[in-house]
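Participant: Okay, handing you the structure first.
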Number of protein chains: 8
Amino acid sequence: MSNWRVYLSGEIHSDWREQIESGTKDAKLPVDFFAPVTDHGSSDDCGVAILGDEENSFWKDRKGASVNAIRTRTLIERADIVIVRFGDQYKQWNAAFDAGYAAALGKPIIIMHGPDHAHALKEVDAAAQAVAETPEQIVAVLRYVIDGELKPVAN
Amino acid sequence: MSNWRVYLSGEIHSDWREQIESGTKDAKLPVDFFAPVTDHGSSDDCGVAILGDEENSFWKDRKGASVNAIRTRTLIERADIVIVRFGDQYKQWNAAFDAGYAAALGKPIIIMHGPDHAHALKEVDAAAQAVAETPEQIVAVLRYVIDGELKPVAN
Amino acid sequence: MSNWRVYLSGEIHSDWREQIESGTKDAKLPVDFFAPVTDHGSSDDCGVAILGDEENSFWKDRKGASVNAIRTRTLIERADIVIVRFGDQYKQWNAAFDAGYAAALGKPIIIMHGPDHAHALKEVDAAAQAVAETPEQIVAVLRYVIDGELKPVAN
Amino acid sequence: MSNWRVYLSGEIHSDWREQIESGTKDAKLPVDFFAPVTDHGSSDDCGVAILGDEENSFWKDRKGASVNAIRTRTLIERADIVIVRFGDQYKQWNAAFDAGYAAALGKPIIIMHGPDHAHALKEVDAAAQAVAETPEQIVAVLRYVIDGELKPVAN
Amino acid sequence: MSNWRVYLSGEIHSDWREQIESGTKDAKLPVDFFAPVTDHGSSDDCGVAILGDEENSFWKDRKGASVNAIRTRTLIERADIVIVRFGDQYKQWNAAFDAGYAAALGKPIIIMHGPDHAHALKEVDAAAQAVAETPEQIVAVLRYVIDGELKPVAN
Amino acid sequence: MSNWRVYLSGEIHSDWREQIESGTKDAKLPVDFFAPVTDHGSSDDCGVAILGDEENSFWKDRKGASVNAIRTRTLIERADIVIVRFGDQYKQWNAAFDAGYAAALGKPIIIMHGPDHAHALKEVDAAAQAVAETPEQIVAVLRYVIDGELKPVAN
Amino acid sequence: MSNWRVYLSGEIHSDWREQIESGTKDAKLPVDFFAPVTDHGSSDDCGVAILGDEENSFWKDRKGASVNAIRTRTLIERADIVIVRFGDQYKQWNAAFDAGYAAALGKPIIIMHGPDHAHALKEVDAAAQAVAETPEQIVAVLRYVIDGELKPVAN
Amino acid sequence: MSNWRVYLSGEIHSDWREQIESGTKDAKLPVDFFAPVTDHGSSDDCGVAILGDEENSFWKDRKGASVNAIRTRTLIERADIVIVRFGDQYKQWNAAFDAGYAAALGKPIIIMHGPDHAHALKEVDAAAQAVAETPEQIVAVLRYVIDGELKPVAN
């Protein structure tokens, strides 16, 4: 079977993706990871930098968000599992949007967030198959789901 | 043709739904409106009040969010148009989730928010067919789309 | 909006359906209920009684189960909510089958069973939006989901 | 063409999977087999061992069943053929659930069970394309379906 | 619930449809019946009579078959149950085509034919939920499936 | 059965829709007709008139086209039959777009155009079930498809 | 891009498949061909030879047709193009069934038959993208469609 | 992950495809490009050259367009991204048709056209994620979307 495809959606201000990819690599799991473009400047400017400048910030954002959607939509559709991380800051409405999108497509979903967000994320969590706090837990879930090997995580 | 079905998702702390429904009624549009349960207490307690108490707030929220999902999922699936409002406060991740869910189902979407949220909502806006600030604008869009009558809105 | 369509799948050896329908009627909820044929003899004989006798019980059962499937498949496809009851006796594999079928179709599901079956039904429960023990709880969920009115149930 | 993908759902208390995989390998069929996690302890504990302990056995089961669903749902969706085995013991509602899930997805299904269960499994059997009793029969079906070679089985 | 919609596909050289509709009416079943155009001349000429003459019989037939497809495709898609009759004469490839079309859409299917065609129709029968010989049997199946009332048929 | 829903897409510079609706009404056919907004000024201005002015004509057009899409997308999705008219003038790329959209949804399609466009419309025509030149022919097709009555048209 | 997958459905009494495969191989086209089991005896006996004897020929045929469906259903679903051949003899209802099945799935279809069957196959032909008489024509269509190279066929 | 599949639909009278493929190759992007047959004579004659001559140009075009559809339909369905170019001349209704077809399938779309066509293409542009004028811009979008590297384009 071809590798499992895992899409990592959410905040781009910490190294949570690298931690998961690294742990998964150490566990030698057959996984290909995908993510949105994580360079904040590129993500904001991709529309106008390529397709022409816009004076109005609304349309600048529209151009960029639409170009980004070409990438994220394709990768979510191809994913076997979608993981969405909510960090402590920022509105992260695009992350919650991705979670809803994936849920409607029937993708298995893992949500990653700290305990402070539990109540605000109750609807999103309820649509997911697992709620985790740390990259270590997520790697353990992937190892169990993909390899069938259960390595407990100290909590 | 049967009435147009419009689902109103989003914050439950202002009377924005009533304004839209009222304006639509005045315009005599053939529309049926649907919404999540807007009583905050009921929405939070519906799980434990019916299915049994939970000491752990995470599971109390899980029970309630799942029961609420029975309602919202059915109504979004039945809707012809989904409108999602983002107010000034609150995380509103469930609203962004609904927008993503509706987008994946190919539903036409109208997002309603003030100018301050434009940048944070760029991905959500890009997936919608219209972005409005006021109930008046939304009623005008519905009137145009449903009746074909264009009544400009002073902006 | 037309009535909510609720399909009641599961054991046909108690009056649990009548209790739910009665409670829903008292609550004046706009619901149409559907169910498989609940007359045990008819359900077993429908194939051979109409389409010709079979000496072999396997083919007698095959004929009947296929005719029953015409009814159940149509009604589950049309349903807005699927409720599946597991009683204390009997294998009830057809009920679990219905739950899986409804889950794949993305239907909201309520599972009804007593506490003794919790562990054996963990996978089925995990695919549902609510797990209830009594008809009273189910009526309360329907009332909340359909009318938005929360009437707590003493547990 | 890439290998045929066959998902083996059902009881994890006998070596029926190994028998089928072994026979298929001897027949040199281009098949990849998939299954749920078959270690009973891991399957029950995967939720709490990774995501945190739960005092309440209902929520312990919920956590585990949801994690297991990430695996089973992906593998059933990818499968070309789904085989579901019902052994002599245990409720096996998760197996019947899988059969219904696969049926709704339009997957070809083979049910494996002994003659005692025929009447109780009539609805599940009716949704399948073949009903077999032994691993030998199943290997013969796979050989015929995949390679076009018919090797009769003594019955 | 709205009436059950039943599509009657197949030979247009006998009154088998009228027999079924009449029996269903006597049984007071809530059924709406649909069928292709049964006037043989109209069915053959509809293309050229409306859209212009064709010298070449292949294109005359193409024009007509395409116009007929507007009707049959819509009605099969709307149907709850599809019934396909194979009479003793004629190639009836369009009937078998309809059966395959309905099967791919997941529609419940009843095939009606005499015993002589059993072997030639084995694949079509295997995709259906019931195989009947007479209109009386079909009315009995509809009565059972729709009303839950089993009236045996003497065979 | 509820009325047939027919969507009339295409040029808004002649009275072709009125001719079809009038002929269909005379024939007393059970049809509900739908169309995009046909007032050219409203169609162009609906975005900026409601949601705020745009200096840039590209974004003015974008706002308007997106609002119009709320209407056309819903109505095409609800339609049983989609009719697309290509007049002698104008680019009419939105009409060809509608035809492709409807074809992907599997809707039965009738294309209406004069003989001069035949070669340029060969791909669009090939995806349709009928190609007509006049409203009279279209009414005749609807009458035949819906009522089963064939009234030849002099050509 | 992986090879084009072409399914060859229809009569198993001539070497038409071998002719197409041979011509395609000579043209060095990147195609994988699939077909039902073409050994007539195996195709008829596969059910009872593996799953147990049946005295009744109807059930013998049912067992076999269902096992064959595991193969044909999977291969049609995977196919990029479905080719259906109608020979001069035999009822070939399973071939017409396959054509309808493929049409509902939106597969591109090529029908192969002699001129005598044109009128009887008008509905099936109308649902296809090409109608051919000889293997040579079919190889030419595949060469054009896959490689973009047009090699005319003398007709 | 396998290469991204990009379908290039539209005018076949300039070398715009070669420019995009060349730029993408220089950027070493993992992309497979697909297109309709771009030899104008072959595209027009493929039907009659293979399947037999037609005196009537309408049927000659029908035969050819249907054969071409086998190729284009398969390739659009397989594509991750669909790019549609509108040149300065020609009706290009088949290009707009492809855009609508891709939109209904939920494919990400890039439209390429000069500024003169902006108003006439407003509906098609509104359904796309990016509107570009030059091959250079398109290569830059692909580089950003696939590799995450933003290389601005001078505009």
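Participant: Skipping prolines and chain starts, which residues have an amide H placed within reach, meaning under 5 Å, of the one on D:TYR90, given they are 5 or more residues away or on another chain?
Facilitator: Under 5 Å from the amide H of D:TYR90 lies no amide H from a residue far enough along the sequence or on another chain.
Participant: Turning to a different aspect of this structure: Can you give me the relative contact order of chain E as a percent, contacts being Cα pairs under 8 Å and 6 or more apart? Intermediate values should be presented prior to the final figure.
Facilitator: Working: 215 pairs, mean separation 39.4, N = 155.
Value for chain E: 25 percent.
Participant: Any idea how far apart A:ASP32 and F:ASP147 come out in nm if each label point goes 7 Å out from Cα toward Cβ?
Facilitator: So the label points at A:ASP32 and F:ASP147 sit 5.8 nm apart.
Participant: Can you give the average number of partner chain beta-carbon atoms within 10 Å of each beta-carbon in peptide E:131-137, as a whole number?
Facilitator: For this peptide, the per-residue mean of nearby foreign Cβ atoms is 2.
Participant: How tilted is helix F:16-26 with respect to the longest principal axis of chain F? Cα atoms for both, answer in degrees (0 to 90, nearest 10).
Facilitator: 40
Participant: With each label point set 7 Å from Cα along the Cα-Cβ vector, what nm distance links E:ARG78 and B:LEU105?
Facilitator: Rounded to a tenth, the inter-label distance reads 2.4 nm.
Participant: Can I ask one more? Within the stretch D:85-116, list the residues whose amide N lies under 20 Å from a label point set 7 Å along Cα→Cβ of C:HIS40.
Facilitator: What the label zone holds, given the 20 Å backbone N cut-off, is D:116.
Participant: Let me have the relative contact order for the stretch E:73-155, percent, based on Cα pairs under 8 Å that are six or more residues apart.
Facilitator: 24
Participant: To confirm my reading of the symmetry, which residue of chain D has the Cβ nearest the axis that brings D onto B, and what whole-Å distance does it have?
Facilitator: D:TRP59, 3
Participant: Next question, about the same structure. Helix-only estimate, please: 222 nm mean residue ellipticity of the protein assembly as shown, summing -39500 (n - 2.57) across DSSP H runs of length 4 or more and dividing by its residues, to the nearest 500.
Facilitator: -15000 deg cm²/dmol
Participant: Moving to a separate point now. Arranged from highest to lowest average of other beta-carbon atoms within 10 Å per residue, in what order do the peptides G:72-80, F:49-57 appear? Walk me through the intermediate numbers first.
Facilitator: Numbers: G:72-80: 20.3, F:49-57: 16.7.
Per-residue Cβ counts within 10 Å, averaged per peptide and sorted highest first, yield G:72-80, F:49-57.
Participant: Follow-up. Given the Cα atoms of the stretch F:45-93, and with Rh set as the inverse mean 1/r over their pairs in the Kirkwood sense, what is Rg to Rh to two decimals? Intermediate values should be presented prior to the final figure.
Facilitator: Working: Rg = 13.7 Å, Rh = 12.6 Å.
With Rg and the Kirkwood Rh in hand, the quotient comes to 1.08.
Participant: Follow-up question, since we're still on this one. Rounded to the nearest 0.05, what FRET efficiency do E:ASP53 and F:HIS119 have when you use their Cβ-Cβ distance and R0 = 25 Å?
Facilitator: My answer for the efficiency is 0.75.
Participant: Using the Karplus curve 6.51 cos²θ - 1.76 cosθ + 1.60 with θ = phi - 60°, work out ³J(HN,Hα) for each residue of the stretch H:7-12 in order, rounded to whole Hz, and write x for Gly and Pro.
Facilitator: 9, 10, 9, x, 4, 10
Participant: 5 Å is the cut-off here: which amide hydrogens, built 1.01 Å from N in the peptide plane, fall below it relative to D:ALA130, excluding neighbours closer than 5 in sequence?
Facilitator: Close amide H contacts, sequence-distant or interchain: D:ILE109, D:ILE111.
Participant: Quick one: what are the phi-derived ³J(HN,Hα) couplings along the stretch A:138-147, Karplus 6.51/-1.76/1.60 with θ = phi - 60°, whole Hz, x for glycine and proline?
Facilitator: With the stated coefficients, the stretch A:138-147 comes to 5, 4, 5, 5, 4, 4, 5, 5, 8, 9 Hz.
Participant: Could you tell me whether the protein assembly as shown comes out rounded, prolate or oblate from its Cα gyration tensor? Rule is a ≥ b ≥ c as square roots of the eigenvalues, rounded for a/c under 1.5, then prolate if a/b exceeds b/c, otherwise oblate.
Facilitator: Rounded is the answer for the protein assembly as shown, as its axis ratio a/c remains below 1.5.
Participant: Only counting other Cβ atoms within 10 Å, I'd like F:SER42, C:SER14, G:SER66 sorted with the fewest neighbours first.
Facilitator: Arranged by neighbour count, lowest to highest, F:SER42, C:SER14, G:SER66 become C:SER14, F:SER42, G:SER66.
Participant: To continue, here is another question. Counting Lys and Arg as +1 and Asp and Glu as -1, each charge on the Cβ, what is the dipole of the protein assembly as shown about the Cα centre in debye, to the nearest 20?
Facilitator: Dipole of the protein assembly as shown, to the nearest 20 debye: 0 debye.
Participant: Report the one residue of G:ALA104, G:LEU8, G:ALA120 whose Cα lies farthest in the direction of the positive end of the charge dipole of the stretch G:1-124 (charges on C-beta: Lys and Arg +1, Asp and Glu -1; origin at the Cα centre).
Facilitator: About the Cα centre, the residue reaching furthest to the positive side is G:ALA104.
Participant: Modelled label-to-label distance, H:GLU133 and E:GLN89, 7 Å Cα→beta-carbon offset: nm?
Facilitator: With each label placed 7 Å out from Cα toward Cβ, I get 7.1 nm.
Participant: Give me the angle, in degrees from 0 to 90, between the Cα long axis of helix B:93-104 and the longest principal axis of the Cα atoms of chain B, rounded to the nearest 10.
Facilitator: Helix B:93-104 sits roughly 60 degrees off the main axis of chain B.
Participant: If you average the C-alpha positions of the stretch B:1-70 and of the stretch F:51-129 separately, how far apart do those two centres end up, in angstrom?
Facilitator: The stretch B:1-70 and the stretch F:51-129 have Cα centres spaced 36 Å from each other.
Participant: Can you list the HN-Hα couplings for the stretch F:58-73, worked out from phi with the Karplus curve (6.51, -1.76, 1.60; θ = phi - 60°), rounded to whole Hz and with x for Gly and Pro?
Facilitator: Running phi through 6.51 cos²θ - 1.76 cosθ + 1.60 with θ = phi - 60° gives 4, 6, 4, 5, 5, 4, x, 4, 5, 5, 4, 5, 4, 6, 5, 4 Hz.
Participant: Find the Cα radius of gyration of the stretch B:1-129, compare it with 2.2 N^0.38 Å by division, and give the number to two decimals.
Facilitator: 1.11
Participant: Across chain A, how many lysine pairs, 8 or more positions apart or on different chains, have C-alpha atoms separated by under 26 Å? Please give the number.
Facilitator: For chain A, qualifying lysine pairs total 10.
Read-outs: derived from the displayed coordinates by stated rules, not from any lab. Predicted, not measured: the structure shown is a model, and the values here were computed from it. Don't worry about glycine lacking a Cβ; one is built from the backbone with ideal geometry, like all the others, and counts go over all protein chains shown.
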